[in-house]
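Undergrad: Following this message is one structure expressed as structure tokens.
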């Protein structure tokens, strides 16, 4: 009797596994979105800001105020061309300001900037948890969560749950396939033994 082949079943399972590895179910599907921001990504922005301010070679363009309760961008145009590309891979000052707003930094009304027009005006920002001599407060700086972020996060966890369910399902299929293969091996051995026994009987 011809031995039953289970290659097709194994191939189907392998194809499912390949699809699992190829798909980006752990991230939202849209190419214009990214995974929900993690504490690590939050610390990265704030950490780079601290690094910029602590580097005295940048002090001609950005520095703490005298009391260390805010920081001042002294020339936004030059700052955008020199500092931003070095630390944030962008030269868009407006994007930098939007990021600051997302982390609850607020622009300080500075007397030195009154009447100054253009992109080279003085900008000053503060955050109650961003203090020069109190680095332990930095952990309190959180990125604002808007409705879009919440929607992306919900989508992320929904897809992650579906991925986990599918992964478990494939794992169970593999276990069942192993059992079926073993049963098939035993059955084929029994058939082979029966065939040999029948052949021996026929000789007599």
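Undergrad: Can you pull out every residue in the range 64-93 that is closer than 16 Å to residue 131 by Cα, in contact with a strand residue (DSSP E or B) (Cβ under 8 Å, 6 or more places away or on another chain) and assigned to a loop (DSSP other than H, G, I, E, B)?
TA: The answer is 65, 69.
Undergrad: Further, regarding this structure: Quick one: residue 89 ticks every box in (1) modelled with pLDDT under 90; (2) surrounded by 13 or more Cβ atoms within 10 Å (Cβ to Cβ) except a single one, so which number is it?
TA: Every listed condition holds for residue 89 apart from (2).
The values are calculated or read from the model by the stated rules, or taken from the named source; none is laboratory data. A quick note: this is a predicted structure, and the numbers were derived from the prediction, not measured. Cβ sites come from the backbone with ideal geometry, for glycine too, and all protein chains shown count toward neighbours.
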